[in-house]
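Structure record follows, encoded as structure tokens.
Any read-out appearing in this document is the output of simple, stated calculations on the displayed coordinates, not a laboratory observation. Worth saying up front: this structure is predicted, and the values here are computed from it rather than measured. Virtual Cβ from ideal backbone geometry, glycine too; neighbours counted across all protein chains shown.
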Amino acid sequence: MTTKLWITLAVILLSYRSECHEAVLHVSDWTTYKEYCLVYNASWSNISSSLSDAPRYKLVNLTSTTLCDVGRVKLDLKGTAVCVMRGECAFSQKAQVAQQLGVKVLLIASKEAMGTPSANDSEYDKVTIPLALLRYRDFLDMQKVFTDGMEVQLYAPPSPDFDASVIIMLLIAVFTVAMGGFWSGAAEKAKQSVTSLSAGEERSDSGDLTLYSPLKVLLFVALMCVMLVLMYFFYRYLVYVIIVIFCLASATGLYSCLEALLNAVGCSKLSVSCGEKSCSIRNLLLAAVCIILAVVWGVYRNEDRWIWILQDVLGIAFCLNFMKTITLSNYKICVILLSLLLVYDVFFVFITPFLTPNGESIMVQVALGPGAGGEKGSGDVVVPADPTPSYEKLPVVMRIPRFSAWAENLCEMQFSILGYGDIIIPGLLVAYCHRFDVWTGSSSRIYFVSCAVAYALGLVLTFVVMLLSKMGQPALLYLVPFTLLTSGLLAWKRKEFKQFWAGTTYQVLDSSREPLIPEGDAEYYSAVRKC
């Protein structure tokens, strides 16, 4: 980790002169204004940080030339901003020609993806005017909106390190984990009232799946590793498989959540009978709504401006249903699963950059998509010439737009993201803690509450480290120790660690402790055992 930190610092220092920033082009004709995305080199061009301080220039259209030769321009351009086409010569040459003509600002229209404008070290000091890249399609839009001439101002509002989206993401994650754990415990309590659980039972009558074998956990993690590597190499094909699976799973999860909510508030099923068969009108309407929402997401999944709301709703439902449906049988399985996934997370985030040809993190590249151009702040950001995404993104993350990143959002929507795994994996432990509370008859739900609080604190630490380091973090690196140690130490402190480690109703029973079965149900369970 120390080596990785020093390498990162060295790269930042060495690449400082090619730091990429997004800026805003404010265009107006005194009655109308509109703003567009610019990409510039922050170490090369000095641009005002606010619109009020930005000087105003008349914009001259020179997109018929690339401005590589002084002799081709016959206009008086002193004190103006000019827009020329990209290509044929270096950025620094265009800038030096513009300076000879008395130009104050050089805008370069690009039909290609816009990376950091750069030049040889010897050329940097020769350029004294601001230089920035502009989408060619934006320039065409400017000509349509402003027909009587244009005046422009360039400014680059600072993007604060902290954004309110982090708080919203924290609340969503903690809410989902707490509700998932609560639902799992409530289902366990309801189950106890109708049936007796057998130790080592893999599937309950309700269709819930229990992981009880260390071998199955190992196979599960191995399959995750294989799938992630396949996604890295065959992203363009497998991403559509994941999209279809997400649509089906999220619709199912949303249906399960809404049905449970309607049952909890006592909403009638409005059943109708036809002969010997009956069907619930309420459930049919509910299923139709869930399917429609999943289809809407599938059709408009690349509409970044608003579809993130529906994706997060479906994602919350997916995570809740997963935590309620998939259960871990004991603390031993929790330790094995969470520890293996911690290693998995750290390896694919921190170690794989040393193994891939371009120094890419496999986890980050798969999460962001191959067209994302790297993480914000890394200096490798590429703004597409067409703001419509040309690549598919995996729908396995919660996404909240960064509210304070105005310039970046103008170029391309920027999001704070948190993977579903960072919610589901610790959530499975929180759910186990609540079920253990149910088994032991704890009215205070001490294990559930403590583990949920530990998750919240671990996630806060994750975001703090992310903001300080300005790098994406493997959240499980912080969440797994916080949740595992908290629940384990609590069990040890309460002298219940043996029962907590073994798990399941009958394994928790101990002759030196009070029976776990409610007193009123003792005769019923006794009869079931005799049968």
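Restrict the search to the range 273-363; then list the chymotrypsin sites (Phe, Trp or Tyr not before Pro) that DSSP places in a loop and that have at most 15 other Cβ atoms within 10 Å of their Cβ. Before the final figure, lay out the partial values.
Numbers: sites: W297, Y300, W306, W308, F318, F322, Y331, Y344, F347, F348, F350, F354; in loops: Y300, W306.
Loop-located and lightly packed - Y300, W306.
Order by neighbour count: D29, D53, fewest other Cβ atoms within 10 Å first, most last. Present the calculation step by step, with values, prior to reporting the outcome.
Values: D29 14, D53 9.
With the sparsest Cβ surroundings first, the list reads D53, D29.
Here H434, H21 are placed in order of increasing Cβ neighbour count within 10 Å, fewest first, which gives H21, H434. Rounded to the nearest Hz, the phi-derived 3J(HN,Hα) couplings of the range 359-367 under the Karplus curve 6.51 cos²θ - 1.76 cosθ + 1.60 (θ = phi - 60°) are x, 8, 7, 4, 4, 5, 5, 5, 5, where x marks glycine and proline. Using a Förster distance of 45 angstrom, determine the FRET efficiency expected from the C-beta separation of F354 and E123, and round it to 0.05. E between F354 and E123, to the nearest 0.05, is 0.85. Across all Cα atoms of the range 17-155, the radius of gyration (one decimal) and Dmax (whole number) stand at 13.8, 43 Å.
In nm, what is the difference between 0.36 nm times the number of residues separating L285 and K269 and their Cα-Cα distance?
Details: separation 16, 0.36 × 16 = 5.76 nm, distance 1.04 nm.
Additional length available on full extension: 4.7 nm.
Placing a label point 7 Å from the Cα of V295 along the Cα-to-Cβ direction, the residues of the range 245-262 with a backbone N closer than 18 Å are 245-255. Less than 5 angstrom separates the built amide H of S48 from those of A156, all sequence-distant by 5 or more or on a different chain. In nm, give the distance between the simple-model label positions of S28 and I326, each being 7 Å from the Cα along the Cα-to-Cβ direction. If labels sit at S28 and I326, their model points lie 5.4 nm apart.
Loop-located GluC sites (Glu not before Pro) across the range 247-305 with a Cβ neighbour count of 14 or fewer within 10 Å are E276, E303, with loop assigned by DSSP. FRET efficiency for the V460 to L51 pair, using the beta carbon distance and R₀ = 51 Å, is estimated at 0.90.
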